[in-house]
Amino acid sequence: MSDTRTDRGTDMLVVMDALLSAQARSQRESRGESLSVLERSAYRAIVEHYDRDEPLTPASLGVILGLRSGSVTALVDRLEQAGLVVRHRRSTDRRLRTLEPSPDAETRLPLDWFSRLVVDAVEELPVDEWEVFLGTLRSIMESIEQAEAEQRRAPRVSQSERRWEISGRQLDSLNESG
(Lines give C-alpha, C1' and ligand atoms only; values in the text may rest on other atoms or scores of the structure.)
Protein backbone atom coordinates (compact mmCIF):
# COMPACT_ATOMS: atom_id res chain seq x y z
CA MET A 1 0.00 0.00 0.00
CA SER A 2 1.00 3.58 -0.58
CA ASP A 3 2.08 5.85 2.22
CA THR A 4 1.31 9.35 0.99
CA ARG A 5 -2.13 10.96 1.00
CA THR A 6 -2.06 11.40 -2.78
CA ASP A 7 -1.12 7.75 -3.28
CA ARG A 8 -3.89 6.65 -0.92
CA GLY A 9 -6.41 8.76 -2.82
CA THR A 10 -5.25 7.31 -6.12
CA ASP A 11 -5.40 3.79 -4.67
CA MET A 12 -8.95 4.48 -3.52
CA LEU A 13 -9.96 5.69 -6.98
CA VAL A 14 -8.53 2.56 -8.59
CA VAL A 15 -10.45 0.33 -6.19
CA MET A 16 -13.66 2.37 -6.62
CA ASP A 17 -13.34 2.16 -10.42
CA ALA A 18 -12.94 -1.62 -10.16
CA LEU A 19 -15.97 -1.84 -7.84
CA LEU A 20 -18.11 0.28 -10.14
CA SER A 21 -17.04 -1.79 -13.12
CA ALA A 22 -17.94 -5.02 -11.31
CA GLN A 23 -21.26 -3.54 -10.25
CA ALA A 24 -22.05 -2.55 -13.84
CA ARG A 25 -21.19 -6.08 -15.06
CA SER A 26 -23.40 -7.59 -12.38
CA GLN A 27 -26.29 -5.31 -13.31
CA ARG A 28 -25.88 -6.02 -17.04
CA GLU A 29 -26.03 -9.74 -16.29
CA SER A 30 -29.18 -9.35 -14.19
CA ARG A 31 -31.05 -7.11 -16.64
CA GLY A 32 -34.00 -9.46 -16.39
CA GLU A 33 -34.86 -7.56 -13.22
CA SER A 34 -35.10 -4.45 -15.43
CA LEU A 35 -34.28 -1.96 -12.66
CA SER A 36 -32.14 1.02 -13.51
CA VAL A 37 -29.21 2.03 -11.32
CA LEU A 38 -31.33 4.90 -10.00
CA GLU A 39 -34.26 2.62 -9.17
CA ARG A 40 -31.95 0.18 -7.39
CA SER A 41 -30.33 3.05 -5.43
CA ALA A 42 -33.73 4.40 -4.42
CA TYR A 43 -34.89 0.96 -3.30
CA ARG A 44 -31.74 0.45 -1.24
CA ALA A 45 -32.16 3.86 0.43
CA ILE A 46 -35.78 3.04 1.28
CA VAL A 47 -34.81 -0.33 2.76
CA GLU A 48 -31.87 1.13 4.71
CA HIS A 49 -34.03 3.81 6.33
CA TYR A 50 -36.86 1.38 7.00
CA ASP A 51 -34.44 -1.03 8.70
CA ARG A 52 -33.31 1.85 10.96
CA ASP A 53 -36.97 2.57 11.76
CA GLU A 54 -36.69 5.92 9.94
CA PRO A 55 -39.02 5.53 6.94
CA LEU A 56 -38.30 7.98 4.14
CA THR A 57 -40.71 10.46 2.69
CA PRO A 58 -40.59 11.02 -1.08
CA ALA A 59 -39.10 14.46 -0.41
CA SER A 60 -36.29 12.95 1.69
CA LEU A 61 -35.61 10.36 -1.00
CA GLY A 62 -35.34 13.21 -3.51
CA VAL A 63 -32.74 14.95 -1.35
CA ILE A 64 -30.71 11.74 -1.00
CA LEU A 65 -30.78 11.06 -4.75
CA GLY A 66 -30.55 14.70 -5.85
CA LEU A 67 -33.88 14.59 -7.71
CA ARG A 68 -36.75 17.03 -8.10
CA SER A 69 -40.19 16.08 -6.79
CA GLY A 70 -41.65 15.16 -10.19
CA SER A 71 -38.78 12.77 -10.85
CA VAL A 72 -39.16 11.24 -7.40
CA THR A 73 -42.88 10.69 -7.97
CA ALA A 74 -42.24 8.90 -11.26
CA LEU A 75 -39.43 6.84 -9.67
CA VAL A 76 -41.58 5.77 -6.70
CA ASP A 77 -44.46 4.97 -9.08
CA ARG A 78 -42.19 2.59 -11.00
CA LEU A 79 -40.96 0.92 -7.80
CA GLU A 80 -44.53 0.59 -6.57
CA GLN A 81 -45.67 -0.92 -9.89
CA ALA A 82 -42.80 -3.41 -9.66
CA GLY A 83 -44.14 -4.46 -6.26
CA LEU A 84 -41.03 -3.32 -4.40
CA VAL A 85 -42.31 -0.29 -2.49
CA VAL A 86 -45.52 0.76 -0.77
CA ARG A 87 -46.60 4.23 0.27
CA HIS A 88 -48.05 4.64 3.78
CA ARG A 89 -49.87 7.58 5.26
CA ARG A 90 -48.63 8.67 8.65
CA SER A 91 -51.40 8.57 11.19
CA THR A 92 -50.38 11.89 12.76
CA ASP A 93 -50.37 13.81 9.46
CA ARG A 94 -52.51 12.31 6.72
CA ARG A 95 -50.79 14.42 4.07
CA LEU A 96 -47.41 12.93 4.87
CA ARG A 97 -46.56 9.65 3.18
CA THR A 98 -43.64 7.39 3.93
CA LEU A 99 -41.99 4.83 1.68
CA GLU A 100 -41.46 1.27 2.82
CA PRO A 101 -40.34 -1.93 1.14
CA SER A 102 -43.30 -4.12 0.25
CA PRO A 103 -43.67 -7.29 2.34
CA ASP A 104 -42.62 -9.53 -0.58
CA ALA A 105 -39.96 -7.20 -2.03
CA GLU A 106 -37.06 -9.49 -1.11
CA THR A 107 -38.49 -12.30 -3.22
CA ARG A 108 -39.08 -9.90 -6.11
CA LEU A 109 -35.59 -8.40 -6.00
CA PRO A 110 -32.95 -10.92 -5.04
CA LEU A 111 -29.45 -9.52 -4.62
CA ASP A 112 -27.25 -9.77 -7.69
CA TRP A 113 -23.86 -11.45 -7.28
CA PHE A 114 -22.06 -8.13 -6.76
CA SER A 115 -24.42 -7.04 -3.99
CA ARG A 116 -24.22 -10.44 -2.28
CA LEU A 117 -20.40 -10.28 -2.30
CA VAL A 118 -20.40 -6.75 -0.86
CA VAL A 119 -22.88 -7.69 1.87
CA ASP A 120 -20.88 -10.81 2.76
CA ALA A 121 -17.58 -8.90 2.82
CA VAL A 122 -18.77 -6.12 5.12
CA GLU A 123 -20.54 -8.52 7.46
CA GLU A 124 -17.14 -10.07 8.20
CA LEU A 125 -15.60 -6.73 9.27
CA PRO A 126 -15.18 -6.06 12.99
CA VAL A 127 -17.56 -3.32 14.15
CA ASP A 128 -14.83 -0.70 14.71
CA GLU A 129 -13.41 -1.24 11.21
CA TRP A 130 -16.91 -1.15 9.73
CA GLU A 131 -17.62 2.20 11.42
CA VAL A 132 -14.40 3.71 10.03
CA PHE A 133 -15.09 2.30 6.56
CA LEU A 134 -18.69 3.51 6.49
CA GLY A 135 -17.67 6.89 7.90
CA THR A 136 -15.11 7.29 5.12
CA LEU A 137 -17.65 6.43 2.43
CA ARG A 138 -20.18 8.84 3.93
CA SER A 139 -17.54 11.58 4.05
CA ILE A 140 -16.81 11.02 0.36
CA MET A 141 -20.54 11.21 -0.44
CA GLU A 142 -20.93 14.43 1.59
CA SER A 143 -18.02 15.99 -0.33
CA ILE A 144 -19.62 14.97 -3.62
CA GLU A 145 -22.99 16.38 -2.55
CA GLN A 146 -21.37 19.68 -1.50
CA ALA A 147 -19.50 19.96 -4.79
CA GLU A 148 -22.69 19.24 -6.74
CA ALA A 149 -24.63 21.84 -4.73
CA GLU A 150 -21.93 24.44 -5.37
CA GLN A 151 -21.95 23.59 -9.05
CA ARG A 152 -25.75 24.04 -9.19
CA ARG A 153 -25.43 27.45 -7.48
CA ALA A 154 -22.64 28.64 -9.79
CA PRO A 155 -23.75 30.96 -12.59
CA ARG A 156 -24.19 29.11 -15.84
CA VAL A 157 -22.11 30.22 -18.80
CA SER A 158 -23.52 29.62 -22.25
CA GLN A 159 -21.53 27.94 -25.03
CA SER A 160 -21.31 31.22 -26.98
CA GLU A 161 -20.02 33.08 -23.89
CA ARG A 162 -17.33 30.41 -23.48
CA ARG A 163 -16.34 30.74 -27.15
CA TRP A 164 -16.07 34.52 -26.80
CA GLU A 165 -13.98 34.13 -23.65
CA ILE A 166 -11.63 31.69 -25.37
CA SER A 167 -11.43 33.84 -28.50
CA GLY A 168 -10.68 36.89 -26.36
CA ARG A 169 -7.84 35.08 -24.60
CA GLN A 170 -6.44 33.93 -27.93
CA LEU A 171 -6.55 37.51 -29.27
CA ASP A 172 -4.87 38.79 -26.11
CA SER A 173 -2.07 36.26 -26.48
CA LEU A 174 -1.65 37.13 -30.16
CA ASN A 175 -1.46 40.84 -29.33
CA GLU A 176 1.10 40.16 -26.60
CA SER A 177 3.28 38.04 -28.88
CA GLY A 178 3.01 40.36 -31.89
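Does the stretch 1-84 come out rounded, prolate or oblate by the C-alpha gyration tensor, with a ≥ b ≥ c the root eigenvalues, rounded set by a/c under 1.5 and, if not, prolate when a/b is larger than b/c and oblate if not?
It comes out prolate by the Cα gyration axes.
DSSP loop GluC sites (Glu not before Pro) in the stretch 61-156 with at most 13 other Cβ atoms within 10 Å of their Cβ, which ones?
Those satisfying the criteria are Glu124.
What's the carbon and sulfur percent of the stretch 50-158's accessible surface, probe 1.4 angstrom, rounded to a whole number?
Summing carbon and sulfur atoms, their accessible area is 53 percent of the total for the stretch 50-158.
Kindly report the accessible area of the stretch 1-85 per residue (heavy atoms of protein chains, probe 1.4 Å, no ligands, DNA or RNA), in Å².
Value returned for the stretch 1-85: 63 Å² of accessible area per residue.
Magnitude of the Cβ-charge dipole of the stretch 47-152, K/R +1 and D/E -1, about the Cα centre, nearest 20 debye?
Charge dipole, the stretch 47-152, about its Cα centre: 940 debye, nearest 20.
The values are calculated or read from the model by the stated rules, or taken from the named source; none is laboratory data. Computed from a predicted structure; not experimentally measured. A quick note on method: Cβ atoms are made from the backbone with ideal geometry, for glycine too, and the neighbour counts reach across all protein chains shown. Ligands, DNA and RNA are excluded from the accessible area calculation, which covers all protein heavy atoms including side chains. Shrake-Rupley method; radii C 1.70, N 1.55, O 1.52, S 1.80 Å.
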